[in-house]
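**Student:** Below are the structure tokens for one structure; questions will follow.
The values are calculated or read from the model by the stated rules, or taken from the named source; none is laboratory data. Please read these numbers as outputs of a predicted model, since none were measured by experiment. All Cβ positions, glycine included, derive from the backbone under ideal geometry; neighbour counts span all protein chains shown.
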Number of protein chains: 2
Amino acid sequence: MWIDLIVTPLAVSEDELRDRTVVVIDVLRASTTILTALANGAREVVPVSDMSAASRVASSLDPQTILLGGERNGSPIEGYHLGNSPLEYQPEVVQGKIIILNTTNGTGAILRARLAEEVLIGAFVNLSALVEYLRHRNPKELILLCAGWRNRISLEDMLCAGMLLDRLELGGRWEEVPDGVRIAHLLYRTYADRLQQVVASSSHAARLRSLGYEADLEHATRVDSVPVLARYHEGVIRKIHG
Amino acid sequence: MWIDLIVTPLAVSEDELRDRTVVVIDVLRASTTILTALANGAREVVPVSDMSAASRVASSLDPQTILLGGERNGSPIEGYHLGNSPLEYQPEVVQGKIIILNTTNGTGAILRARLAEEVLIGAFVNLSALVEYLRHRNPKELILLCAGWRNRISLEDMLCAGMLLDRLELGGRWEEVPDGVRIAHLLYRTYADRLQQVVASSSHAARLRSLGYEADLEHATRVDSVPVLARYHEGVIRKIHG
């Protein structure tokens, strides 16, 4: 398995992701929110890049079945049913619904991977499920696409990518992999014994805390607490069954 | 001093660099080559982004005074006087010359910073000179712009940025800085006692070694061996005097 890591979506072209297996990692919060929504019964999640795309998708569907969710710069969007906090996506809210999700970084990263062979959603909350699936599939080329924040590298996404790499057990060949893979793995090994504290000290965590989303940090770092696999395919994200 | 770090030029817009102090770091090899050329007597270096820009600049100058230098994917460009190995830029070759430099990553990073207030060239070879200058100038906003490699994060540029950050002594406030700054500093602290070996084990070093540029790695990691300050201003890079 050849592996590469992208620290922010702008640094990769759609063409570089073509025909590859891509794991999109946006720990705070799109990946975590998508997985939580699907685990809690949402039928599917439609990632969109902006307000007008969200309106366009919404207008093509039965208003009774959809929920508009998302944020801009961490804050809810006026007129939307939900923000981007995973804790809002409770079973009684999302059961059977189609979520149209519009976020600053995460949904853009997912859309960028639209030419990939397979796009999976990655976060701490589904880490072991993802590792097991990737080991089974054993893709020839795997790209970990971190969402980052406004095109900057994010500590929490790199840590999650590093944990995934560590669990994939590449056989200690850390000097033969692309630098990004090696850096993510080193970050994880350095901070493995205090993931929650380190994520809570990241730049993005500080922003979320200032907006009142402290509880999201704990939810997003609870490893394997939402053990679902989710795949983006033909415009929508669904749970993988079986 | 507020500091941010960009891991690859594509991740930042020209506008985000406007009116800021920017240090462009391309350890392997553009920054190191530019500093070496200027230290060895080159009058100035004109960074260009592609072949046609190089030809355009060359045709506007006295052919006796110019040298065309650069590489594509690490290899020399046919018809150019020089490649991108700093060891080619010896005094007897570059004395009094204007170098037109065209490289895969580094010169593009420098050009991206054209709206900045001040653009400095950073590498291991001029680290202390740069630290001293930055301490003296004490810019309000400093951005470390790593060139990376084809828009991927590079270990050697992050290590050099980390060393610069370490020497700037931010007073231990590592949890209040952007994640990129923190990650670079952690990398440096982890590998500080074996910089040469770690740079030699990076993805880019492997590529250079396979092309026969092993000696460049040693030159590029000799801290403070080329103690010059160089500034990009109005299209050209010159030594800062005084």
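**Student:** Of all residues in segment A:150-165, count the ones that are at pLDDT below 95 and either more than 8 Å from chain B (Cβ to nearest Cβ) or within 13 Å of A:Ile3 (Cα to Cα) (or both).
**Tutor:** Total satisfying the criteria: 1.
**Student:** Sticking with this structure for a sec: Keeping to segment B:166-206, report how many residues are farther than 22 Å from A:Val7 by Cα, in a loop (DSSP other than H, G, I, E, B) and acidic (Asp, Glu).
**Tutor:** 1
**Student:** Please work out which one of (1) in contact with a helix residue (DSSP H, G or I) (Cβ under 7 Å, 6 or more places away or on another chain); (2) farther than 26 Å from B:Glu214 by Cα; (3) aliphatic (A, V, I, L, M); (4) within 14 Å of chain A (Cβ to nearest Cβ) is the condition B:Val177 fails and give its number.
**Tutor:** B:Val177 satisfies all of (1) in contact with a helix residue (DSSP H, G or I) (Cβ under 7 Å, 6 or more places away or on another chain); (2) farther than 26 Å from B:Glu214 by Cα; (3) aliphatic (A, V, I, L, M); (4) within 14 Å of chain A (Cβ to nearest Cβ) except (1).
**Student:** Go through (1) under 27 Å from A:Leu67 (Cα atoms); (2) in a loop (DSSP other than H, G, I, E, B); (3) over 18 Å from the mean Cα position of the chain (by Cα) one by one and return the number of the condition A:Arg209 breaks.
**Tutor:** (2)
**Student:** Ok, one more. Closer than 30 Å to B:Cys146 by Cβ and either part of a helix (DSSP H, G or I) or within 14 Å of chain B (Cβ to nearest Cβ) (or both) - does that describe any residue in segment A:220-228?
**Tutor:** Yes: one or more hits.
Each row is one residue, and each column tells you yes or no for (1) more than 13 Å from the chain's Cα centre (by Cα); (2) in a strand (DSSP E or B).
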{"position": "B:Val24", "(1), (2)": "no, yes"}
{"position": "B:Leu28", "(1), (2)": "no, no"}
{"position": "B:Ser31", "(1), (2)": "no, no"}
{"position": "B:Ala37", "(1), (2)": "no, no"}
{"position": "B:Ala53", "(1), (2)": "yes, no"}
{"position": "B:Asp62", "(1), (2)": "yes, no"}
{"position": "B:Leu67", "(1), (2)": "yes, yes"}
{"position": "B:Glu71", "(1), (2)": "yes, yes"}
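**Student:** Filter segment B:110-154 down to the residues that are among the β-branched types (Val, Ile, Thr) and touching a Lys or Arg at 6+ places or on another chain (Cβ under 8 Å), then identify the one that is farthest from B:Ile34 (Cα to Cα).
**Tutor:** The selected residue is B:Ile143.
**Student:** Out of everything in segment A:74-108 that is at pLDDT 95 or above and assigned to a helix (DSSP H, G or I), what residue ends up being surrounded by the fewest Cβ atoms within 10 Å (Cβ to Cβ)?
**Tutor:** Within segment A:74-108, the match that is surrounded by the fewest Cβ atoms within 10 Å (Cβ to Cβ) is A:Glu92.
**Student:** Being surrounded by 15 or more Cβ atoms within 10 Å (Cβ to Cβ) and touching a helix residue (DSSP H, G or I) at 6+ places or on another chain (Cβ under 7 Å) is true for just one of A:Ala58, A:Ala37. Which residue is that?
**Tutor:** A:Ala37
**Student:** Looking at this structure, is A:Ser202 among the polar types (S, T, N, Q) and within 11 Å of chain B (Cβ to nearest Cβ)? Can you show your working first?
**Tutor:** Numbers: among the polar types (S, T, N, Q): yes; within 11 Å of chain B (Cβ to nearest Cβ): yes.
Answer is yes for this residue.
**Student:** When you go through B:Leu211, B:Leu217 one by one, which is the residue that is in contact (Cβ under 8 Å) with a residue 24 or more places away in the chain, out of contact with any helix residue (DSSP H, G or I) (no Cβ under 8 Å at 6 or more places or on another chain) and of a type outside the set (Ser, Thr, Tyr)?
**Tutor:** Being in contact (Cβ under 8 Å) with a residue 24 or more places away in the chain, out of contact with any helix residue (DSSP H, G or I) (no Cβ under 8 Å at 6 or more places or on another chain) and of a type outside the set (Ser, Thr, Tyr) holds for just one of B:Leu211, B:Leu217, which is B:Leu211.
**Student:** Still on this structure: Within segment A:169-182, track down each residue that is out of contact with any strand residue (DSSP E or B) (no Cβ under 8 Å at 6 or more places or on another chain) and either at pLDDT 95 or above or surrounded by 15 or more Cβ atoms within 10 Å (Cβ to Cβ) (or both).
**Tutor:** Listed by number, the list holds a single entry, A:Arg182.
**Student:** Hey, any hits in segment B:23-45 for a residue that's away from chain A (no Cβ under 14 Å), more than 26 Å from B:Gln95 (Cβ to Cβ) and without any contact (Cβ under 8 Å) to a residue 12 or more places away in the chain?
**Tutor:** No; the residues of segment B:23-45 include none that is away from chain A (no Cβ under 14 Å), more than 26 Å from B:Gln95 (Cβ to Cβ) and without any contact (Cβ under 8 Å) to a residue 12 or more places away in the chain.
**Student:** How many residues are in contact with a Leu (Cβ under 8 Å, 6 or more places away or on another chain) and in contact (Cβ under 8 Å) with a residue 24 or more places away in the chain when one looks only at segment A:165-200?
**Tutor:** Final tally of qualifying residues: 17.
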